[in-house]
1. Does the stretch 1-19 hold any residues that are of a type in the set (Phe, Trp, Tyr) and touching a Cys at 6+ places or on another chain (Cβ under 9 Å), and which are they?
2. Show the residue pairs meeting these rules: Cβ distance below 7 Å; 6+ apart or different chains; first residue within the stretch 221-238 and closer than 23 Å to Gly194 by Cβ and surrounded by 15 or more Cβ atoms within 10 Å (Cβ to Cβ); second residue at pLDDT below 80 and of a type in the set (A, V, I, L, M).
3. Phe281 fails exactly one of the following numbered conditions: (1) closer than 30 Å to Gly120 by Cβ; (2) crowded, with 16+ Cβ neighbours inside 10 Å; (3) not basic (Lys, Arg). What is the number of that condition?
4. Exposed (fewer than 14 other Cβ atoms within 10 Å of the Cβ), modelled with pLDDT under 90 and either over 23 Å from Gly98 (Cα atoms) or β-branched (Val, Ile, Thr) (or both), is that true of Gly22?
5. Residues of the stretch 94-116 being within 17 Å of Phe309 (Cβ to Cβ) and at pLDDT below 75, which ones?
Amino acid sequence: MKVKRKEVLSFFDHVSDLISVGITIREAIKTFKCKNKEMRTVVEIIKDNMDSGYSFSMSLKKTDIFPPSVIVTIKAGEDSGHIEESLKRIREKYEEEGRFVSEIKKAILMPLINIVASSGLMMLLIFKTIPTIAETLRSLGNIPPITQTLFNITIFLKENLLLIIMGVFGFSWYMVYTLKESKPDFLYDTPLVGKLIKSSFISSLFSQLEMMVKGGISITDAIKVIESSQEGLPKKQVSNILLNLSEGKHLDESLSTEFFPEDLIQKVRVIRETGKYEEIFSRIASTYKKKAEDQAKKITTLIEPASIFIVGIVVFTLMVSVFLPMATLGTGISQNLTSSHP
């Protein structure tokens, strides 16, 4: 079961607001109402668990919906008696993530629409217009090699359309699943996209660290929670940090210079003397969130004209292939008419 971020944010908003005016968590949860079926189911599970004597954090954990970083932050708030502050930090995290995702979606929406529209135009030409013209040209005479090649490609695509669609979807699913599970190193070196993915990861990592450290959780324990979560962070990088921390190294010494920028490591090193890690974590998360947004906009500014150019080349080739034999045929007919009427 999966619940949308905005539904979870609405839930924490409701509980946090009521707790701030003296309502107990249990009463706040009982008064929560929403239209989303999945979220209503989650809330019922939480209420049942709390009625059975479980704490709020344990009740959240038993839903298998909330990430470990949220659960341990709530648990720290319960243990310290500052549950309201914990909920506030969680609300801020979900709000920031929602804004970030919204900005990324807006950045890629228009290029995506252009690509879909252009692809639809090409599909119409390939599967509807060109076959009709092909039959007409075949009945009138010889077809130039470039036109015949185009017709052969069209026939192949039509006859194998289902297999092609299945292959594309299968490959896409495999790539998404593989990258989500393992996140190979080459992914971060990919031109344009690599910077976006790395910046997003760094922002998410330090955003979670900030939330948990503010709640009184040690950096090592916070990294353990992040490593055990399924929040899309590359396990190799997180595991290496945890391994170095367990060997007694400081956080700045645990961040790999092969992955993390040197200036980031330097900031963490400098702040070590003051111990105000949550402040620098917040700044790092914001900085790399902005870098990810800027990179997404940069990618879209390149994709849009590139997609239009590629579509233009394809359409031009299609037009030449179709109209060349028609022009040749017209010239032949004109010559025949001229020779027959000296």
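The values are calculated or read from the model by the stated rules, or taken from the named source; none is laboratory data. Since the structure is predicted, the reported quantities are computational estimates derived from the model, not experimental observations. With ideal geometry, Cβ positions are generated from the backbone for all residues, glycine too; neighbour counts draw on all protein chains shown.
1. Phe11
2. Ile226/Leu233
3. The number of the failed condition is (1).
4. yes
5. Across the stretch 94-116, the qualifying residues are Met110, Pro111, Leu112, Asn114, Ile115.
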